[in-house]
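Visitor: Below you'll find the structure I mean.
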Amino acid sequence: MKRLAAALAAGLLALPAWGQEQVAQSSAAQGTAAVLRALDKVNGHSMDAEIAVGSSAEMFGLLVTVSDCRYPAENPTGDAYAFLTVRNPGDSAVQFEGWMIASSPALNPLDHSRYDVWVIRCSSS
């Protein structure tokens, strides 16, 4: 078993280093608010809300707090991502905390039996 581990380690060290070539990275601008959409999966109603960074709002049966919202600086209509905290208003139990990406909400979704919340875009004014 020790020989196998040593062989694997030696093989990994022999691999070329990842990321040595320059990768173009775009800079992100910070928005002043996030535009979110909530869906009540039971009755099919949806609502949009613009929530300022650092603020909270109730969307259906959830309290949503926006801590940050960013978007590509060279493309303001491009892909936005926001750091959200979603709680139950009654007991303050955290249902979700993390980054959500507008173009890929399924990468890090809210896991709630009745409600869905996702990012639409950032607002800069």
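Every number in this text was worked out from the coordinates using simple rules, so none of it is lab data. Nothing here was measured: the structure is a model prediction, and the numbers come from that model. Here the Cβ is made from the backbone with ideal geometry for all residues, glycine too, and neighbour counts use every protein chain on show.
Visitor: Pull out the extension gain between E74 and H45, defined as 0.36 nm times the separation in residues minus the alpha carbon to alpha carbon distance; nm, one decimal.
Guide: 7.0 nm
Visitor: Can you pull a Stokes-Einstein diffusion coefficient for region 53-125 at 4 °C (1.567 mPa s), Rh from Kirkwood over Cα pairs, as a whole number of µm²/s?
Guide: Result for D is 102 µm²/s.
Visitor: Please compute P(r) over all alpha-carbon pairs of region 37-85, binned at 5 Å starting from zero, and give each bin as a whole-number percent.
Guide: The calculated distribution, bin by bin, is 5, 19, 24, 21, 17, 10, 4, 1.
Visitor: First measure r as the distance between the Cβ atoms of S124 and V94, then evaluate 1/(1 + (r/R0)^6) with R0 = 41 Å and state the FRET efficiency to the nearest 0.05.
Guide: Once rounded, the FRET efficiency stands at 0.90.
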